[in-house]
1. Just the residues that are basic (Lys, Arg), outside any loop (DSSP other than H, G, I, E, B) and either surrounded by fewer than 19 Cβ atoms within 10 Å (Cβ to Cβ) or out of contact with any strand residue (DSSP E or B) (no Cβ under 7 Å at 6 or more places or on another chain) (or both), please, taken from region 64-105.
2. Identify, from the list Gln18, Gln32, the residue that is of a type in the set (S, T, N, Q), crowded, with 24+ Cβ neighbours inside 10 Å and out of contact with any Gly (no Cβ under 8 Å at 6 or more places or on another chain).
3. Tally time: how many residues in region 21-63 are assigned to a loop (DSSP other than H, G, I, E, B), without any contact (Cβ under 8 Å) to a residue 60 or more places away in the chain and under 24 Å from the mean Cα position of the chain (by Cα)?
4. Just to be sure before I move on: is Ala304 more than 24 Å from Gly76 (Cβ to Cβ), in contact (Cβ under 8 Å) with a residue 40 or more places away in the chain and among the small types (Gly, Ala, Ser) in the structure I sent?
5. Among the numbered conditions (1) at positive phi; (2) without any contact (Cβ under 8 Å) to a residue 60 or more places away in the chain, tell me where Thr132 comes up short.
6. From Ser168, Ser180, Ser213, grab the single residue that is within 15 Å of Asp120 (Cα to Cα) and either surrounded by fewer than 16 Cβ atoms within 10 Å (Cβ to Cβ) or among the hydrophobic types (A, V, I, L, M, F, W, C) (or both).
7. Looking at region 166-175, is at least one residue assigned to a helix (DSSP H, G or I), assigned by TED's automatic domain parsing to the domain that holds Ala25, of a type outside the set (A, V, I, L, M, F, W, C) and at pLDDT 95 or above?
Amino acid sequence: MTSLIPGRISVVIPAYNQEAYICDALASLERQKLGNWEMEVLVVDDASTDATASLIESYLDRVPGLKLIKLEQNVGVSAARNIALKQVTGEFYTFLDPDDWYGPQHLATLADTLSKLHVDFVRCDHVRVTGTNRVIYRAPQALRGIVLNPADDIEPIDSPSMVDYPYSWAGMYRTELMKSIDCFYFDEQLLSAEDRPWIWKLHLDTSRYAVISSPSIFYRRGLPNSLSQVFDERQLGFLEAYTQVLATVREHPNSARHLPKALRQFFAIVCHHEKRSKNYPPQVRLTIKKQLREIFSDIDVAVAHQVVLEMDVARRRHILSYLQPGQIGVAK
């Protein structure tokens, strides 16, 4: 078992064909003002076919604690993260996507908050970068810099909450605690939406967290190779992700409290993919329909009925009735 080093922050970066952006991520780590903290950076080159690995190697003497892990075969983002997580030695850890970057105080600010408040994890705001446009995107919790109960921030049902902020990289986590509650690794079978069940487990199984006003992670949007821009079988990940979310919530002692939120979130994601479905290949569309019908055949009917009736968008009700006519109390 890997020994954890007090005062160390581990940063996990999975990278596949990121020669255009990886230097921005690494340069931001080079510029970190760590104060009393030290840094470990674990970059997994996921069998890139471009210059990603060589660019990372050029930073080995510039970024403190930088380690490059080269893979011979592409394994995907979840497995790449897990490979790095197995080698984490920091008291705290966090994630950085290879096309994003940090402000100079980012790591120290989050680590100081974790230490000062004695919480299990801390979440932060971020800056969305689209071309030259930058917009601060705030985590949906107005209370800042105080200890909160993660389960209390799963709700409300009908407006954004912290489980609707599914960015594992917008936070920092206490390593030993996360390992002890089995909320450390990601499901390697998920093609997308891997952060969704992870975030739900985080809020269900921990007891103390905080949100801080520190929008110091810069998140690139609209890149050609991002999952939001592709329309293939990788989009199917949301189906298994929400199968897991619903199963986890049903098994939780407070299932009755949290299941309406899980269903509402699932229905919203279904509607999102319905709107995009015209862009999917026919076989992907058919697979989505088939798997959705299987999920809806085992839906929590009474709870789903109430959630759907309270949805404020008629088109969503129409879509859900089309997917499973008559099963959740909406018109055929």
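1. Of the residues in region 64-105, the ones basic (Lys, Arg) are 67, 70, 81, 86.
With outside any loop (DSSP other than H, G, I, E, B) added as a condition, the list becomes 67, 70, 81.
Across region 64-105, the qualifying residues are Lys67, Lys70.
2. None of the others qualify; the one that does is Gln18.
3. 3
4. Details: more than 24 Å from Gly76 (Cβ to Cβ): yes; in contact (Cβ under 8 Å) with a residue 40 or more places away in the chain: yes; among the small types (Gly, Ala, Ser): yes.
Yes: the conditions hold for Ala304.
5. Unmet for Thr132, out of (1) at positive phi; (2) without any contact (Cβ under 8 Å) to a residue 60 or more places away in the chain: (1).
6. Numbers: Ser168 fails: either surrounded by fewer than 16 Cβ atoms within 10 Å (Cβ to Cβ) or among the hydrophobic types (A, V, I, L, M, F, W, C) (or both); Ser213 fails: within 15 Å of Asp120 (Cα to Cα).
So the residue among Ser168, Ser180, Ser213 that is within 15 Å of Asp120 (Cα to Cα) and either surrounded by fewer than 16 Cβ atoms within 10 Å (Cβ to Cβ) or among the hydrophobic types (A, V, I, L, M, F, W, C) (or both) is Ser180.
7. yes
The rows are residues; the columns are (1) outside the structural domain of Asp99 (by TED's automatic domain parsing); (2) more than 22 Å from the chain's Cα centre (by Cα); (3) part of a loop (DSSP other than H, G, I, E, B); (4) modelled with pLDDT of 70 or more.
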site: Thr243; (1), (2), (3), (4): yes, no, no, yes
site: Pro253; (1), (2), (3), (4): yes, yes, yes, yes
site: Val307; (1), (2), (3), (4): yes, yes, no, yes
site: Arg316; (1), (2), (3), (4): yes, yes, no, no
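The values are calculated or read from the model by the stated rules, or taken from the named source; none is laboratory data. Fair warning: this is a prediction, and the values are worked out from it, not measured in the lab. When we count neighbours, we look across all protein chains shown, and the Cβ atoms used for this are built from the backbone with ideal geometry, even at glycine.
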